Every structure is written in C-alpha cells, then in structure tokens.
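Colleague: Take a look at this one; I'll ask things after.
Derivation of every value follows stated rules applied to the coordinates shown; laboratory data play no part. From a predicted model like this one, the values you see are computed outputs, not experimental measurements. With ideal geometry, Cβ positions are generated from the backbone for all residues, glycine too; neighbour counts draw on all protein chains shown.
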Amino acid sequence: MASSRKVIELFYDVVSPYSWLGFEVMCRYRNVWNIDLKLRPAFLGGIMQGSGNKPPGLVPNKFLYMTTDLHRLAQYFQVPISPPADPFEAMFEKGSLSAMRFVAAVQEREVGGDKQVEQVSRELWMRIWSQDKDITQPASLSEAAMKAGLSASEVEELLKLSTSKEIKDKLKRSTQEALDHRAFGFPLAVCHVNGKAEVFFGSDRFELIAHCIGEKWMGPQPVT
Ligand SMILES: N[C@@H](CCC(=O)N[C@@H](CS)C(=O)NCC(=O)O)C(=O)O
C-alpha cells in the first residue's frame, strides 16, 4: 500500500567511496523493500566544515586501513571501486564541489523520478573511484552525463545551470539539511519511521536500517 511506504533519504557525495557502496545497495533495495528512496546529493566538504569533523583518511593508519577495507568491500558489495593513484589530490585538492553542483542541477531539471540523478552519480563515481578520471572539468562532467544517457543539449544547459546561484543554494540547503540531522560524514541514511527520523551513518548499517523499517536484510545483492 502506497501509504505504508517508508521514506529513506540518502545523503551522499561522489567524492566518498563509502557513499558509493551505500548508494548501490539502497538502489538495489529500493524495489525489494517497501520504501520510497529519496536521493539527496550534498557536499561532504560542507559537512566536514559544519560539523567540525576531519576526513578519516587524514590519519595515516586509518588511510592504510581504509585502502584495504575498500578493496575487500568492493568485492563483497560488487561495486568496482579502485582508488585513484593520488587519492589526496582527487579528494582534497580537486574535490567534488563542481560535480555535486552538477548532480544538483540534474535533480533540479529531472521530472518524474530520479533515474538521471542515479545514473549521472554512478558515472561520476565510476570516473573518480574506479577509473582514476577527473570530475572537476566541464568536459569530464559532460562525458559522465552523456554516458548516463543525457543529450548534448541537455548537458550544455545543465552545465550552465550548475554554476547558477539557484543550484549553489540548492546544494547548500541539502548539505544543511544533513547537518540538521547531525551529519558528520557520508553516506547518511535518514529513515522516516512513525513520524520520527532515524539517522544512520555509513554503508555498514544495513542490518540496523532493515530492523528499523521492519524489512529483511538479505546481504548486498538481494535476489529479486
Ligand atoms: N564505517 C563507515 C565509514 C564511512 C566513511 O568513512 N565515510 C567517510 C567518507 S568516505 C566519512 O565521511 N567519514 C567521517 C568519519 O568517519 O568521521 C562505512 O563502512 O561506510
């Protein structure tokens, strides 16, 4: 019954490999669980700043652990993560602001669903976290969007829109909404259950999310 569907908001940034894992699992489960998944592209840099947190990869031992962890997780989740040759340059020097503004623009223009937001986000993750490719230049964003099935003229309009005040403010608002839920990192899943927002950080909380919404966790690749 449509009215009993639980809303899950997924806040993410394509700079974050753990967000990619969370994103793919939520996309796989959106037709398995009785949920209404709302993709919430936001800016992790703003979350770090707004919450006073620091990226975990800046602690050398954590960075080494995460490299091994991501290798294992990529296989377990069946998501083709392969870290860029210089993760510090990709994550902290180049960053994801223009990419996330672009995703926000795609969301602003998309009507009747979020297929394009899903596909463009995935293509951007493929670039930065699988193929060691740039996600900052207009040509890079354009390539990702065309691969996701958008036309050249749509991409041209979206590139223009992505630098507008409207879209900058939209991304700021989404980031602020995540901060209002006490976000300190991504992915962040906000499950709306019985009028209450239950907040989960990380791509390793699916058993708990399932328990919280009264559904069954069947591993990272549910059989439908
Ligand atoms: N244990 C979590 C870790 C997620 C994680 O490290 N996310 C990063 C971004 S890729 C973050 O925002 N971390 C903030 C923190 O660890 O305080 C998972 O398995 O998903």
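Colleague: Give the number of residues within region 183-203 that are within 14 Å of the ligand (Cβ to nearest atom) and either among the small types (Gly, Ala, Ser) or free of Cβ contacts under 8 Å to residues at least 40 places away in the same chain (or both).
Modeller: 8
Colleague: Just checking: which of the helices (runs of 4 or more DSSP H) contained wholly in region 1-115 hold 2 or more residues that are surrounded by 22 or more Cβ atoms within 10 Å (Cβ to Cβ)?
Modeller: On the way: elements: 17-29, 44-51, 60-77, 97-109.
In region 1-115, 17-29, 44-51, 97-109 are the helices (runs of 4 or more DSSP H) which contain 2 or more residues that are surrounded by 22 or more Cβ atoms within 10 Å (Cβ to Cβ).
Colleague: Just to be sure before I move on: is PRO83 in contact (Cβ under 8 Å) with a residue 60 or more places away in the chain and under 28 Å from HIS211 (Cα atoms) in the structure I sent? Reasoning before the result, please.
Modeller: Numbers: in contact (Cβ under 8 Å) with a residue 60 or more places away in the chain: yes; under 28 Å from HIS211 (Cα atoms): no.
The answer is no for PRO83.
Colleague: Restricting attention to region 54-75, which residues are touching a residue at least 60 places away in the same chain (Cβ under 8 Å) and more than 11 Å from the ligand (Cβ to nearest atom)? Before the answer, list the steps.
Modeller: Applying the first criterion (touching a residue at least 60 places away in the same chain (Cβ under 8 Å)) to region 54-75 yields 56, 73.
None; the set is empty.
Colleague: Scan region 8-31 residue by residue and report those that are farther than 17 Å from ARG205 by Cβ and either in contact with an Asp or Glu (Cβ under 8 Å, 6 or more places away or on another chain) or charged (D, E, K, R) (or both).
Modeller: The one that is farther than 17 Å from ARG205 by Cβ and either in contact with an Asp or Glu (Cβ under 8 Å, 6 or more places away or on another chain) or charged (D, E, K, R) (or both): ASP13.
Colleague: A follow-up question, please. Only one residue in SER153, SER174, SER130 is hydroxyl-bearing (Ser, Thr, Tyr) and more than 18 Å from the chain's Cα centre (by Cα), so which one is that? Lay out the reasoning, then the answer.
Modeller: On the way: SER174 fails: more than 18 Å from the chain's Cα centre (by Cα); SER130 fails: more than 18 Å from the chain's Cα centre (by Cα).
Sole residue among the options that is hydroxyl-bearing (Ser, Thr, Tyr) and more than 18 Å from the chain's Cα centre (by Cα): SER153.
Colleague: Anything in region 28-53 that is in contact with a Leu (Cβ under 8 Å, 6 or more places away or on another chain) and away from the ligand (no atom under 16 Å from the Cβ)? List them, or say none.
Modeller: ARG30, LEU37, LYS38, LEU39, listed by residue number.
Colleague: Return only the number of the condition from (1) over 13 Å from the mean Cα position of the chain (by Cα); (2) under 22 Å from LYS172 (Cα atoms); (3) touching a residue at least 24 places away in the same chain (Cβ under 8 Å) that ARG101 does not satisfy.
Modeller: (1)
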